[in-house]
Amino acid sequence: MCAVLFLDINFYSMDTVQVKIIIGSTRENRFADSAGAWIADELSKQEGVHTEVLDLRDYPMPFFDSPVSASRKSEPFAHEAVARFTQKIAEADAYVLVTPEYNRSTSGVLKNALDWVYQEWNEKPVTFVSYGAVGGARAVEQLRLMAIELQMAPIREAIHFAASDYFPVAMGGAPKEELFAKYAQSAESAITQLLRWTRGLKKMRE
Ligand code: FNR
């Protein structure tokens with residue numbers, strides 16, 4: 001009986017995937033943290049998924065100043081926040097990047113975070129939560145290109161809060177719960193696809 005129980009626990013932990021949600025805005029009054037908490041909650045409803053929100057406010061990495069690119073880095077790292085962030089990225093099997101759109105791109109703080117890490121992103125899938133005038137699509141398209149260079153697998157499905165739904169919340173204080181409820185189906189599609197890629201690529205890496 002004990003042996004059976006032990007095997008079950010082992011099987012479950014082998015099967016659990018780690019998804020890290022990265023909050024791509026650090027500004028005061030940001031929306032990114034609300035969107036990040038929501039998608040983490042949606043992911044947590046899935047069996048065998050462990051989520052963690054990585055708030056870039058907690059990882060105050062300097063503007064990239066390393067003499068070599070992150071693909072050629074070696075320990076010990078010069079910056080404590082970079083070391084902690086790299087460790088978190090290494091733990092993950094998949095990522096959700098929560099991105100604002102600033103001047104038709106992602107935020108500088110998120111781009112900088114991507115630049116600091118390399119091998120730890122490789123061969124893992126990523127999806128996106130974005131918002132803005134055109135649903136943050138221009139930021140996400142640029143992130144997809146960056147993800148390719150980082151040897152990640154950017155999946156097709158993502159969550160884009162349309163301007164007509166998002167701006168009343170951001171600017172007018174409309175309840176965000178209604179916004180999130182409206183995008184539950186979009187979240188489900190993105191999560192389903194992300195987890196298929198996550199489990200497939202995890203097997204491949206092993
Ligand atoms: C913006 N915003 C914005 N929106 C958009 O759809 N396209 C854009 O190019 C820009 N550019 C832009 C630049 C800068 C510097 C700021 C601060 C804002 C508006 C932006 O989408 C909105 O403020 C979001 O709420 C920003 O996300 P966070 O920081 O609240 O998560």
Give the stretch 85-110 a look and list any residue that's basic (Lys, Arg) and away from the ligand (no atom under 16 Å from the Cβ), or say none.
Lys88
Just wondering, is there one or more residues in the stretch 72-84 that are crowded, with 19+ Cβ neighbours inside 10 Å, at pLDDT 95 or above and within 16 Å of the ligand (Cβ to nearest atom)?
no
Scan the stretch 153-174 and give yes if some residue there is in contact (Cβ under 8 Å) with a residue 24 or more places away in the chain, in a helix (DSSP H, G or I) and more than 13 Å from the ligand (Cβ to nearest atom), otherwise no.
no
State whether the residues of the stretch 176-184 include one that is modelled with pLDDT of 95 or more and under 13 Å from the mean Cα position of the chain (by Cα).
no
Flagged pairs (Cβ under 7 angstrom, 6 or more apart or on separate chains; first in the stretch 31-42, within 15 Å of Tyr166 (Cβ to Cβ) and touching a residue at least 24 places away in the same chain (Cβ under 8 Å); second basic (Lys, Arg) and more than 9 Å from the ligand (Cβ to nearest atom)) are Ser34/Lys176
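Yes or no, residue by residue, for (1) modelled with pLDDT of 95 or more; (2) among the β-branched types (Val, Ile, Thr); (3) away from the ligand (no atom under 16 Å from the Cβ); (4) surrounded by fewer than 17 Cβ atoms within 10 Å (Cβ to Cβ):
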site: Val19; (1), (2), (3), (4): yes, yes, yes, no
site: Arg27; (1), (2), (3), (4): yes, no, no, yes
site: Ala40; (1), (2), (3), (4): yes, no, no, no
site: Lys45; (1), (2), (3), (4): yes, no, yes, yes
Subset of the stretch 111-133 that is away from the ligand (no atom under 13 Å from the Cβ) and among the aliphatic types (A, V, I, L, M) - its residue that is nearest to the chain's Cα centre (by Cα):
Val126
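The values are calculated or read from the model by the stated rules, or taken from the named source; none is laboratory data. What you are looking at is a predicted structure, and each value in this text was computed from that prediction instead of being measured. Cβ sites come from the backbone with ideal geometry, for glycine too, and all protein chains shown count toward neighbours.
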